[in-house]
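Asker: Submitted below is the structure of interest, expressed as structure tokens.
Read-outs throughout are calculated quantities, based only on the coordinates presented, and are distinct from any laboratory measurement. Computed from a prediction, not measured in an experiment: that's the story for all the values here. Neighbour counts are summed over all protein chains in view; Cβ atoms, including those assigned to glycine, are modelled from backbone coordinates with ideal geometry.
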2 protein chains.
Amino acid sequence: MKCINSSSEEKIKEAAKSVFLKKGFAGTTARDIADAAGMNIALTNYYFRSKERLFVEIFQDLLALYCTSTLHILDQPIGLREKIIAIIEEDYRLMKQEPSLVLFIMTEIHRDCEKLLPEMSRYKEAMTKKLAEQLREEASHGTIRALGVEHLLPMILGSLQFIFMSKNMHMKLHGLNEAQFEEYTEKHKNHVIELVTNYLFPSSS
Amino acid sequence: MKCINSSSEEKIKEAAKSVFLKKGFAGTTARDIADAAGMNIALTNYYFRSKERLFVEIFQDLLALYCTSTLHILDQPIGLREKIIAIIEEDYRLMKQEPSLVLFIMTEIHRDCEKLLPEMSRYKEAMTKKLAEQLREEASHGTIRALGVEHLLPMILGSLQFIFMSKNMHMKLHGLNEAQFEEYTEKHKNHVIELVTNYLFPSSS
DNA sequence: AAATATTTTAAACGAATGTTTAAAAACTAT
DNA sequence: ATAGTTTTTAAACATTCGTTTAAAATATTT
């Protein structure tokens, strides 16, 4: 029986993740991955059968990274305002760690919707259900503006992730270094918190 | 002297635009383009020299489409609130017409920053300068919240464009048809108008 | 130490890639 | 109609693609 947990496999996967994030599935060659991993080109198929299987595996990992971080916040028994702030803070942390993540996921789903959507669908339901319920309840008490989760989440994620999707462009156009860009994104994150909470809780400042 | 304005050239360019928007530069083959245009594969290089030159030409067109529509609104001598609403309405119109546009532009700039950024830089300056000035002036009068254009535009464009970048995903996950999706996006657009104006003009409802 | 299993390698595979060629077809002008 | 120009075509080009092979190297077990 094969017991696959060698370090070569890990190295290839990490290298492939990095290359896929940068160049996408179509723009990445098997030799790109092998070079980035510093390994022989045949090893990719030895461990992962094909470029596509390796990609799907990595896509699943990255999608889980993207969704799980938000999911475990939605499950916490905390108030709506705290929860929304926590979502934004967590998403900000994730974007800082992996700025290409959202553009990668969106591009690949756009490219191969049929194959990659099933992965997404479980997360989507789990993510929206809890928050939608909380929103409906609080809206029925009149404490917040009536707003569906299908509008709230794009507001939050869109206005925050947008600046990370265009990170390279933004940095080069404005001549920023990493520290300056982080300063900018943190300010923006705080604006987004105010932007969204002000809208959702109309009475408060 | 060659006078190139035949209909074959137009057909190839239109087909290439459609294919590039859907599959990106790396994911598109010369034969994809020829097939979509219903033309012989050699004609692409006959008219456009290479796949890359054709792509750059199309990228420039699509970038202009994206930027010009907003630019001509920023130049109008209207109040800040009307201008912001006009930007959102115009961006909404554009997204409805070409939902893949933003994801395409972002992905390609992410892929080949060096080559494609110079195209972007002219627009960026023209877009931000006018609005930044208007924001500074009104903020100095205390009529609006102090907010840089580098935060305002991502708020607007991010929260609005986000739902179009993930259009296919959203439609399939929620089982929507085109009409239902348009209904959703129009509601969202109106939310974005309120979201942003409420934040920028704190005193008003 | 010998035998077996696993990992790594260099080389090659056929298929697909962007591009070019040279001749045929269609069009324009004389 | 004829000559010259432009457009279109089928075929092939060299290169790169993902993948496979079979042997060498390494590790594991007996």
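Asker: Label points 7 Å out from Cα along the Cβ direction at A:GLN97 and B:GLU133: separation in nm?
Answerer: Roughly 4.4 nm, to one decimal.
Asker: Mean residue ellipticity at 222 nm from the helices of chain B, using -39,500 (n - 2.57) per DSSP H segment of n ≥ 4 over the full residue count, to the nearest 500 deg cm²/dmol? Each step should come with its number before you reach the end.
Answerer: Working: 11 runs with 160 residues, N = 205.
Theoretical 222 nm ellipticity from helices: -25500 deg cm²/dmol.
Asker: Springs between alpha-carbon pairs under 10 angstrom, Gaussian network model over chain B: which of B:ILE78, B:ILE156, B:ILE87 fluctuates most?
Answerer: Taking springs between Cα atoms under 10 Å, the residue moving most is B:ILE78.
Asker: To continue, here is another question. For region A:135-205 and region B:23-91, write down the distance between their C-alpha centroids in whole Å.
Answerer: Here the two parts' Cα centres lie 28 Å apart.
Asker: Moving to a separate point now. Can you pull the mean other chain C-beta count within 10 Å for peptide A:147-156?
Answerer: Partner-chain Cβ atoms within 10 Å, mean over residues of A:147-156: 5.
Asker: Need one value for B:187-198: mean number of C-beta atoms belonging to other chains within 10 Å of its residues' C-beta atoms.
Answerer: If you average over the peptide's residues, the count of other-chain Cβ atoms is 4.
Asker: A follow-up question, please. Within the set A:LYS23/A:LYS172; B:LYS129/B:LYS172; A:LYS17/B:LYS22; A:LYS17/A:LYS172; A:LYS23/B:LYS167, which residue pairs have Cα atoms separated by over 29 Å?
Answerer: Details: A:LYS23/A:LYS172 19 Å; B:LYS129/B:LYS172 40 Å; A:LYS17/B:LYS22 23 Å; A:LYS17/A:LYS172 24 Å; A:LYS23/B:LYS167 22 Å.
Beyond 29 Å: B:LYS129/B:LYS172.
Asker: By the gyration tensor of its Cα atoms, with a ≥ b ≥ c the square roots of the eigenvalues, what is the shape of the protein assembly as shown: rounded for a/c under 1.5, prolate for a/b over b/c, or oblate?
Answerer: In terms of gyration-tensor shape, oblate.
Asker: Further question on the same structure: Quick one: 3J(HN,Hα) in Hz for region A:13-20, Karplus 6.51/-1.76/1.60 with θ = phi - 60°, rounded, Gly and Pro as x.
Answerer: Karplus values, whole Hz, x for Gly and Pro: 5, 5, 4, 4, 4, 4, 6, 4.
Asker: Can you compute 3J(HN,Hα) from phi for each residue in region B:87-96, using the Karplus curve 6.51 cos²θ - 1.76 cosθ + 1.60 with θ = phi - 60°, rounded to whole Hz and x for Gly and Pro?
Answerer: Karplus-based 3J(HN,Hα) across region B:87-96 equals 4, 5, 4, 5, 5, 4, 4, 5, 5, 5 Hz.
Asker: Still on this structure, I have one more. Can you list the aspartates and glutamates whose alpha carbon is less than 12 Å from that of A:LYS11, not counting same-chain residues fewer than 8 positions off?
Answerer: Output for A:LYS11: A:ASP35.
Asker: Could you pull the copy-to-copy label distances for A:LYS124, with points set 7 Å along Cα to Cβ, in nm to one decimal and sorted shortest first?
Answerer: Nearest first, the other copies' label points are 3.3 nm away.
Asker: Sticking with this one: So for region A:7-49, averaging the separation of alpha carbon pairs under 8 Å that are six or more residues apart and normalising by length, what relative contact order in percent results?
Answerer: Rounded, it is 41 percent for region A:7-49.
Asker: What are the ³J(HN,Hα) couplings of region B:108-113, residue after residue, when phi is run through the Karplus curve with 6.51, -1.76, 1.60 and θ = phi - 60°? Round to Hz, x for glycine and proline.
Answerer: 6, 5, 4, 6, 9, 4
Asker: While we're here: If contacts are Cα pairs under 8 angstrom and at least 6 residues apart, what is the relative contact order of chain B in percent?
Answerer: After rounding, I find 19 percent.
Asker: Mind checking A:101-114 for the average number of partner chain beta-carbons within 10 Å of each residue's beta-carbon?
Answerer: 5
Asker: Now for a separate question. Counting other C-beta atoms within 10 Å, and keeping those with at most 15, which DSSP coil trypsin sites (Lys or Arg not before Pro) do you find in region A:35-83?
Answerer: Those that pass, being in a loop and sparsely packed, are A:ARG49.
Asker: Between B:ALA86 and A:ASN40, what FRET efficiency follows from the Cβ-Cβ distance if R0 is 60 Å, with the result rounded to 0.05?
Answerer: 0.55
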